[in-house]
Each structure stands twice: as structure tokens, then as C-alpha cells.
1. I'd like the distance between the alpha-carbon centres of the stretch B:130-181 and the stretch A:172-211, rounded to an integer number of Å.
2. Label points 7 Å out from Cα along the Cβ direction at B:Asn382 and B:Asp97: separation in nm?
3. Along the Cα→Cβ direction, 7 angstrom out, place labels at A:Glu442 and B:Arg329. What is the inter-label distance in nm?
4. With +1 on the Cβ of every Lys and Arg and -1 on the Cβ of every Asp and Glu, and nothing else charged, how large is the dipole of the stretch A:420-470 about its Cα centre, in debye rounded to the nearest 20?
5. Pairs to check: A:Lys87/A:Lys469; A:Lys87/A:Lys389; A:Lys389/A:Lys469; A:Lys87/A:Lys378; A:Lys325/A:Lys419; A:Lys325/B:Lys184. Give those whose C-alpha atoms are more than 21 Å from each other in this structure.
6. Go ahead and run the numbers for FRET between A:Ser349 and B:Ala88, Cβ-Cβ distance against an R0 of 51 Å, rounding to 0.05.
7. Near A:Leu518, within a Cβ-to-Cβ distance under 10 Å, what is the net charge of the other residues, with Lys and Arg +1 and Asp and Glu -1?
8. In the stretch A:131-198, which trypsin sites (Lys or Arg not before Pro) are in a loop and have at most 15 other Cβ atoms within 10 Å, using DSSP for the loop call?
Amino acid sequence: MKPVGPGDGKGQAAASRSMSQPARCASRSAHHQAESKNFPPDQISAKPIPLADVEIVVKEARPTWTPENAAHLLMRATWSARPGEVKRAVDEGLEATLGRLLSDEADDDLFPEPEVFTSGRLAEMRREVAGLPRESAGRMQASQRLGRAERLALRELQGWWLARLRFSPCPLREVMTLFWHGHFATSFVKVRMADAMLWQNQLFRDLGLGRFEDLVLAVSRDPAMMRYLDVTGSSRRQPNENFARELMELFTLGEGHYSEADVREAARAFTGWRLEPATGRARFIPARHDHGEKTLLGVAGRHDAAACVKILCSQPRCARFITGKIWRHFAGMEAQEPTLRRLEREFSSTGGSIRAVLRAVFTSPEFYSPGLRGRRIKGPVEWLVGTLKLFDLPPLPTLRMTSALRELGQELFAPPNVKGWEEGRAWISATTLLARERLALELFRPDVERLAPGLREAPADQMAEELGKCLMPCNFSPALKNQALAALSEAGDGQGGGSTERILALTRFFLTHPEYQLT
Amino acid sequence: MNTPLFTRRRFLRSTVLGGAAAWTLPAFVDNTLLALESAAREMDNAPTGRDHPILVILQLAGGNDGLNTLVPYADDLYHRARPRLALAEAKVLKLDDTAGFHPALGGLRGLWDEGALAVVQGVGYPNPNRSHFRSTDIWQTASDASTVERHGWVGRYFDACCQGEDSTAGIAISPSEPLAFLGKNRKAIAFRQPADLRTAETGGEEAVMEEVSAGGSSIEALGEARGSHEEEAPADFLRRVALDARLSAGRIQSVTARFRPSVTFPPSRLGRDLELVSRLVAGGLPARVYYVSQGGYDTHAAQAGTHERLLAELDAALTAFAHELRAQRNFDRVLLMTFSEFGRRVAENANGGTDHGAAAPLFVMGGAVRPGWHGKAPSLDNLDRGDLVHTTDFRSVYATVLESWLGAPSEPILKGRFPVLDFV
């Protein structure tokens, strides 16, 4: 369907009219018979069709629901598309699958928080340090002990989140939690409080599919974010601009859509917040807040933090910025203009519902276009957890996983800077690609039986085909299969290697192939 | 003799000749194969005829105390600010009648006398940041104190100037690529020792070569894609990086196995890392920038002993490196610069150490260096909240290295104009 541009005038409207007319006529004709006095036939063709109506027809086009499309959706949204999962999705249909993926089912009780957090030990150690005299040797030692305890707690937190990423019954929600972690990038390296990182993680999980404005407001009061971007202690006498700037540049609008004056005004709106040393939580102190008149993006008023967030999130630019980023994350490339506009509309008309935007992404025909499939590079966490899911393996010892992720450039809770992680090809360098290949063999020991039940008796050709499709559902090709068979024969297959050996050799081939990085 | 290299080359050639006559071997594969072959020939440690300049960046991580490295021994303010930590005039290795080196830097003193060492004084930047991470990022990305840059300055140099080359332009002896090397196109490789580059069992060069030649049109696609990496399809991009990575890894491993230094390097980690760099330089790798790091300089407490040990390690490793490069007749091609995320406070603290500061001197070493003093010594009585005020912006040092050494335009790479100094 040709995109309809703005301000195209009658000519374009006429062209689209001729394309869309049959459908409308067909649906209207029944209606027309019933209420002919309202819709005389000659008037339908005489009136230019309003733009909105034409796009309604476009919206009705749904992607056809094939196993390939189902696998593509599952790989992108949940990092895994095992045959059973694909079959279930195909049987249920796109709508029901999306409903399931976007559900709000709580799963906290499946993943109890590590004891170091529930026991309040860290807060206790912090109080101890705060109680000792400054510059004293005792304080330095207690501080070092606290630092070690925080780092150990962070490692437990990383393991806990990896377990959630692996096993959550709501995988898309976990994927979005990671997305928001990269978007509202906050690093333990500066924050130094493992429990604050946990609270922020829960915030992304609880609010990440809801209204964007609610998410942004909650993030502005999140202790980890407040520490990371120096919101804490910002007072009306000395407003700190760090958060205000990143809020506009990185979190809501993007560079070039606000002025320095806007940054200064917004900074005033975020004054008065303080982190309580005892609890680590944020508290608002009215006396330190700048209650005065402010003008933000042309809107005047006695804006406080909430008002400020509302103004920013209602900007049309915010809709484009956020929906564009979400699309790029799942699609791996830029969207065409009509899709972008549909996503923006979805965002604006639902008050910024991320769930609605995701639904629009995953029901957009462009998402399923051939040019998009199998062309997105997996990030390190997706690569690691996705492979565990594919092989139905449990998470590895936390230290092995976190050191692998560090080598590959994506350490949970430690994005490199406030801009988060650069995705796509930026994940790949000589070093990281060699590391992915090496780690694939070191980390993953699949159970052959569960991986390929019934394949043991199959001829090599069929084995290569089925294993390949299982491991690379969206970018397996006959060329790849031939390479696999060639590698197998060169490795001396047929010289006494049993079928188990053959399956393992094929699996190793696919796992270490450069194209395994694609999804 | 390393026969597998010949086998692969013959294999690839024969496949091409045996196959469609219209195929030509893409230049990058050809170049790298030639390089592999030349490395495989019996050679001693003489330079292989490559003559491009090489930059070695040595990071002193933690914040090196510049005042006790380049000591203003004649200034009373120095001694008054550091009753315990100040180095006695009698111990300092005097370079002139105002300043001298820490006593542990005897080797560097020798290099200074030989005219192979330059010191740039008072290097820093406006609005100094005293956080390790933030300040290191600022140095690595050549950003202002208030902006966050995604890419490193050397990465931007690679993007601007090393596009045509398909092998790694940067080599870091470290567990992961430093931010300085990060560019839009990732053209660097990082490893702690050559064994880290061992490739996967069933991967290996044979499989990739096989794939390249068996992939039919993919050779042409790979060859054509050279010019326009942006439009390259993801699968081709991955295959190209994989091939590059393997060829670089193979070449690195073969070179490091083949070339032995004639000088004995100290057994410290820095010594081993610089020895590895010297072997890679001897092997004629096309890499232009090397990166090594020495940690431990964050001397908040009990500085005297720690700092002496670190400087002694630094001194021994740099001196051995210089001697080895001289023996290889490569000393004129190599420029080594040190950097640290900040210096330290002028006044000592209550724990026998110093806290995070700002400006500090840095060293530049090499056969082509214009030796001696550069920049201006920062004033000890005009401090900024207890810290030295910089007299040279570190980006001037980068601009000098880019323009006068690497021959690259500094303004687009550093996103600003910084005056070029004359230490090289």
C-alpha cells in the first residue's frame, strides 16, 4: 500500500481513493442498503476521502501468521523459538500470542531476592561506616569492607537477574527491563549501592510496559538514578543540571530538541530531592525546592518534577524518539515513515502506553518483511541467555556468566556511560567475535538427547538441516547447511564417530559460525 | 617452517584457479596472505621493510602523582606542602636547577641524556573531573569535561584514516578494548597474551577459508563490500570481521612465536606487555597504535613505597623497550606516550598519601622525539582548590601525535582545534 504523505492534496487522495475504494464500497454497500438515505452512492465517490480514513484501511492489514513469522517474533521478543514454542504460537494466532507476551502476570515469587538484600545487611554496614569519625583508620577499613560487600551483593544481583531473564514466564517483560536499563543507563560503578540497583531493576520491571510518563517520573525519583546523575542534594541555591540535561537529551527528546535555557529551567524543577542516608530512599524537602515560575519548552508555570515530566512526555518529539528507539531495538534497523507514524500515533493516543507500542510493532507488516529477518545482531546478554534457552540449559555459575558478559561488552548494572550500550554492529569487533566463538564452546554443553530427539538415526543431511533450523530459526539457509556438511566431512566424520559425535560437531559448527550472531 | 600457511595459500589459489576464471582474490585477503607468507619466511629480528609510524599509548591507571615524578625540588612550596612525602633534593635525579626525576627513574634519566625523552608539563583540561571513571573517559574520548562521547579518540582516528585496511589497526594488550580504541568501525583487537587468540576448535582458518571460497559469490561480495562498510549486509559484515579476526590472530600468533627480543625485559606485567609489543613491532604487523596499561597509581595512603615501586617498574620496562627497539632499528618509527587520568593534590593527606588532583606531566619517548622540556611547569602557589592548574590541554598532546606523528588531521578527530606542540 503506497504511503500517503501529508499535504498531498486531492491528487494523492484520489489515487488512494481508487486503491481503497473497493474495500470501502464492499463494506459500505451492505450498510448502504440498510441506510440508503445516509449514504447515497454518488456522494461516496464525490467526496475526497479524509487521510485518517485511508490509514484505517492500512491499519487493517495484518501480517499473515506463518511458522516463519511466529519464529521471527519469538526470537526477537523472547530470544528463543524452540519448535514447541513456535507451534504453540502458530496454533494460538498472533493476537493471542501477543496477549500472552504482553501479560502483566506477576512472577516475583518465582524469583526471591537474594538474602543479602532482604536481610538489610548492607544498610546496616552503611550506618556503621557513617557512625565512625571521618579520616579515621577504622572508618577506612569499615568502608573497604562495605565496598567488598556491595560488590559481592551486586554479583548476586546479576545472577538473580540472569535467572529471571532465563526463566521468567513473561520473557518480553524481562527483555524490556533490559531495554530500559540501557535507556535509563545507571551504573553501579558510580552508584555503589547494590540494593539501589535492585530497586531500579524492579522499577523497570513493574512500570516498563505501562505509561512512559509514569516510568520517567518514577525514574526521576529512583535512588540509583539520583545518585548517578547527581539529583540528590540539588537545591534551589545550586541546582544541578546533570539530570535535567540527560532527561531531555537521552531519556525523552534527543539532542537538538530543547535549549540550554530549558535545561536550566528543568534543573530548577528537580531541586529539593535528597537521599536519606539511613534508608537510601529519596525524600522531598520543600524548603530546598525552587517553587518559582519556570518556562519549559514554551510552557510557563510553577513546574515541579511531575509537571516537567508531563510537558516533556507530551511533546510529539517524545513519541517519535521513544517509539523509534523501541522499533530499532527489535527490528535492528530504521522503520519506514508510515510505520513510524503509526507507532507515534499509538503512543500519543494511549497516553504513552509501551504495551500498545509493542503491540503495534509486533503487528506491523514491516516487522515481518523479508529485508528485516535474520539481520539483527544479538547483544551479549541475548546471545548468552538465548543460547541457554535454545538448549534448555539452566544458568551457569554467576561468575562465569558475568565474566563472559564483561568480555563481550555488556555487564549488567554497569553500562559504559549514561548513553547506555551502542547496539547492532557495535557489539562486534575482532576481539568480541573471537570471544563469542571461544565462549560458545566453553560455556554451552548441550544435552544431545534433548536437543535433537529422534535425530540420532537421521542421515547427516537431515541432521544438519534440523539442527541448523533449531539453532538459527530465522537465518538458516541451504548454503549454511552445505558448509556444515563440508566441515563435518573435513573433520573426519565417518571414521568411527558416532551419531552423538556428529550432532555435537554440527552443533559446534553452528554455534561458532559468524552468522550465529544474527537473529 | 610453518607449512600450514603455505598450504592455505596454495589451497585458496588453487580453488580460485580451478573455479570460475572470472574470480579475483579480493585484495584484502591477498594482502593478508602475503603478510602471512612473509612472516613465515625465515627472518631474524630485522625490520621487515614496513615503515609506517607506530604509536604506543601507556596508561598509568589510578592517577599518577606528577609532583613526585617530575619533582620541583627547588621550590619551597613543594616541601612545605608535603612534609613527609616530599623527595629530598639530594635524592632527586636533577635535570636542571628547578626540577628532576624521582630517584627510581634512573633509566629514564639516561634516555633524557640520550635525547630520546620529552616531558610535557602541566597537562590537564578545564573543569577537571576527579572521578577515576569519568576522567579516564575524558582522556580516552578527548571530550570536554561536560560532554559524554561514545567513541575514543584513537577509534575516531581509525575511522578517519584506516578505512582501506582490513586488518586490525590497533592492538591492545589488555582483557578488553580500551574506550580510546572504540570507533564506529571496530578496528582493534585486544588480548593479554597471544594464547587468548586461540580460535574455536572447529572454526579455524581452514573452515573460514573454505567458506569464503565455497560461498561462491560471497568472495566477490566481500571484495566489493570493502569500499562501503556501511551498506554491507550483516552476514557479510560478520564474515569479514571473522576472517579479519582469524587472519590477525594467526598472524599475531605466528609473529610472536617467531620473534624474540635481544634485550631482557623485566619480569613485571608491564615488562611482559611491552616485550610483547616489541615482538609485534619486529614482526612487521600493520597495526598503527598499541595500548598497554600499568595500574596501581591511586596512592591515597602510604604512597612513598608504592609509588617508588611503580616508577621503578615503569622505568625498567620503558628502558628495556627503548633498547630493544634500538636493537631492532625500529626506535625511530615508534613513539610512546604516557597518560594518567589526573595527577594528585599538592598537599599530602593524613594517611601518608595524596588524593585525586588535576594537572600532571606526561612522558613522550622515541627515536624521533624532540627531547627536553615542553609546556610550562604549573605554578605551585596559584592552585585551584588545592590542585595544580593545567598549562597544556591534553588534546594538544593528541593533536601533536595525530598531525606530526601519524599524519592525520586532528581537528575532525578531536572535534576541535588544539594547538600542536613540538615534541615530535
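Read-outs throughout are calculated quantities, based only on the coordinates presented, and are distinct from any laboratory measurement. Because the structure is a prediction, the values reported are computed rather than measured. Every residue, glycine among them, receives a Cβ derived from its backbone with ideal geometry; neighbour counts consider all protein chains shown.
1. First find each Cα centre; the distance between them is then 27 Å.
2. 2.4 nm
3. According to this spin-label approximation, the distance is 4.1 nm.
4. Working: 7 positive and 10 negative charges, 33 e Å.
Around 160 debye, computed over the stretch A:420-470.
5. Values: A:Lys87/A:Lys469 14 Å; A:Lys87/A:Lys389 16 Å; A:Lys389/A:Lys469 15 Å; A:Lys87/A:Lys378 23 Å; A:Lys325/A:Lys419 13 Å; A:Lys325/B:Lys184 19 Å.
Checking Cα-Cα distances, A:Lys87/A:Lys378 exceed 21 Å.
6. Numbers: r = 76 Å, r/R0 = 1.50.
About 0.10, to the nearest 0.05.
7. Here the count lands on +3.
8. Sparse-neighbourhood loop trypsin sites (Lys or Arg not before Pro): A:Arg134.
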